[in-house]
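Throughout, read-outs are computed from the coordinates displayed, never taken from laboratory work. Bear in mind the structure is a predicted one, so any value in this text is a computation, not a measurement. In this analysis, Cβ positions are derived from the backbone assuming ideal geometry, glycine residues included, and neighbour counts consider all displayed protein chains.
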Amino acid sequence: EPEVTQTPSHQVTQMGQEVILRCVPISNHLYFYWYRQILGQKVEFLVSFYNNEISEKSEIFDDQFSVERPDGSNFTLKIRSTKLEDSAMYFCASSADRTGSEQYFGPGTRLTVT
Amino acid sequence: GDSVTQMEGPVTLSEEAFLTINCTYTATGYPSLFWYVQYPGEGLQLLLKATKADDKGSNKGFEATYRKETTSFHLEKGSVQVSDSAVYFCALIIQGAQKLVFGQGTRLTINP
């Protein structure tokens, strides 16, 4: 069964450093998403992406964040200058249709900012 | 704004017990409703969904009915197994939007 994969599974970085979280969506999916879950809190939407453009983003997704599909398979989330409060589990998801009604999630990357 | 509230966990049951995890929502538009499950070390998996009022979603013995009058989507299973131990998330998506709005998750542990 096709699945979404994410790397690394755990990333530790120092405050102020840039990090790139990587995702490989399901191959025939066209819509891509990032969510995050701070420990003990809800899973929160960050951004959706289609046709090389951001289609929707939350207020969390400020100028420190960017997304990119650098090639035909990867989808990345970059945080330019990490803060302590960026420590969270980051989930990538993809879907085949624009309704987003069936989003397939990866296992997540745990980001720890020290 | 749109939000989902789940019963607080953790929930611990014995094998073969009846399970209910409550979920209620508030929505500015017309939502589709979902239950996702996260097994240890894995990503969120879609368990079931319902897209309109009175629809019942079902999968792997789990069921949930979209109740517009009570704005609820409670998850039920008649006889749980140890393998059902996981974190369960209720979620909604508003028609025309693409973002899922999640509840806080309920950790379920089933003891043999």
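Exposed loop GluC sites (Glu not before Pro) only (DSSP loop, at most 16 other Cβ atoms within 10 Å): please give the longest stretch of chain A free of them, not including the sites.
Details: sites that count: A:Glu3, A:Glu18, A:Glu59, A:Glu102.
With a cap of 16 other Cβ atoms within 10 Å, the longest stretch comes to A:60-101.
Arranged from highest to lowest average of other beta-carbon atoms within 10 Å per residue, in what order do the peptides A:32-38, B:19-25 appear?
Values: A:32-38: 23.0, B:19-25: 18.7.
My ranking of the peptides, most packed first, is A:32-38, B:19-25.
For the range B:67-109, state the average projected area of the convex hull of the C-alpha atoms over all orientations, rounded to one decimal in nm². Let's see the in-between values first.
On the way: hull surface 16.9 nm².
Result: 4.2 nm².
Run the Debye formula on the Cα coordinates of chain B, all scatterers equal and no solvent, and tell me log10 I(q)/I(0) at q = 0.10, 0.14, 0.19 1/Å.
Rounded to two decimals, the profile gives -0.26, -0.51, -0.92.
Average partner chain C-beta neighbours within 10 Å, per residue of B:84-93?
Across B:84-93, the average partner-chain Cβ count within 10 Å equals 1.
Which of the residue pairs B:Lys60/B:Lys99; A:Lys42/B:Lys68; A:Lys57/B:Lys49; B:Lys56/B:Lys99; A:Lys42/B:Lys99 have a Cα-Cα distance greater than 20 Å in the structure shown?
Exceeds cut-off: B:Lys60/B:Lys99; A:Lys42/B:Lys68; A:Lys57/B:Lys49; B:Lys56/B:Lys99.
Which of B:Lys68, B:Lys77, B:Lys49 ends up with the largest GNM mean-square fluctuation for chain B, with Cα atoms connected below 10 Å?
Between B:Lys68, B:Lys77, B:Lys49, it is B:Lys68 that shows the largest mean-square fluctuation.
Rounded to the nearest 20 debye, what is the charge dipole size of chain A about its Cα centre when +1 sits on each Lys and Arg Cβ and -1 on each Asp and Glu Cβ? Don't jump to the answer; show the numbers that get you there.
Details: 10 positive and 15 negative charges, 51 e Å.
Computed about the Cα centre, the dipole is about 240 debye.
If you split all Cα-Cα distances of the protein assembly as shown into 10 Å bins from zero, what percentages do you get per bin, shortest first?
Final binned percentages: 8, 33, 35, 19, 5, 0.
Take B:Phe18 and B:Lys68, extend 7 Å from each Cα along the Cα→Cβ direction, and tell me the distance between the two endpoints in nm.
It is 2.8 nm.
What distance in nm separates the simple spin-label points at B:Glu8 and B:Ser79, each placed 7 Å from Cα in the Cβ direction?
3.3 nm
For a Förster distance of 25 Å, can you work out the FRET efficiency between the beta-carbons of A:Arg22 and B:Thr28, rounded to the nearest 0.05?
Numbers: r = 34 Å, r/R0 = 1.36.
For R0 = 25 Å, the calculated efficiency reads 0.15.
Determine the shielding of peptide A:38-46 by partner chains: average, over its residues, the number of Cβ atoms on other chains within 10 angstrom of each Cβ. It would help to have the intermediate numbers written out before the result.
Values: counts 0, 0, 2, 3, 10, 11, 4, 7, 1.
Mean shielding count: 4.
Could you identify which residue out of B:Glu16, B:Glu63, B:Glu42 has the top mean-square fluctuation in a GNM of chain B using Cα springs shorter than 10 Å?
In the Gaussian network model the winner is B:Glu42.
Between A:Leu21, A:Leu39, A:Leu77, which gets the highest mean-square fluctuation from a Gaussian network model of chain A, Cα cutoff 10 Å?
Between A:Leu21, A:Leu39, A:Leu77, it is A:Leu39 that shows the largest mean-square fluctuation.
Tell me the label-point distance for the pair A:Asp97, A:Met15, using the 7 Å Cα-to-Cβ offset, in nm and rounded to one decimal.
If labels sit at A:Asp97 and A:Met15, their model points lie 4.6 nm apart.
In square nanometres, what is one fourth of the surface area of the convex hull spanned by the alpha carbons of the range A:1-73?
Numbers: hull surface 24.7 nm².
Average of the hull's projected areas for the range A:1-73 equals 6.2 nm².
Would you kindly work out the equivalent ellipsoid of the range A:65-114 from its C-alpha gyration tensor and give its semi-axes, the square roots of five times the eigenvalues, largest first in whole Å? Walk me through the numbers on the way to the answer.
On the way: eigenvalues 110, 39, 17 Å².
Square roots of five times the eigenvalues give 24, 14, 9 Å.
Take peptide B:102-108, look around each residue's Cβ out to 10 angstrom, count Cβ atoms belonging to other protein chains, and average those counts.
Working: counts 7, 2, 5, 5, 0, 0, 0.
Average neighbour count from other chains, rounded to a whole number: 3.
Report Rg (one decimal) and Dmax (nearest whole number) for the range B:1-67, counting Cα atoms only, units Å.
Rg then Dmax for the range B:1-67, in Å: 13.1, 39.
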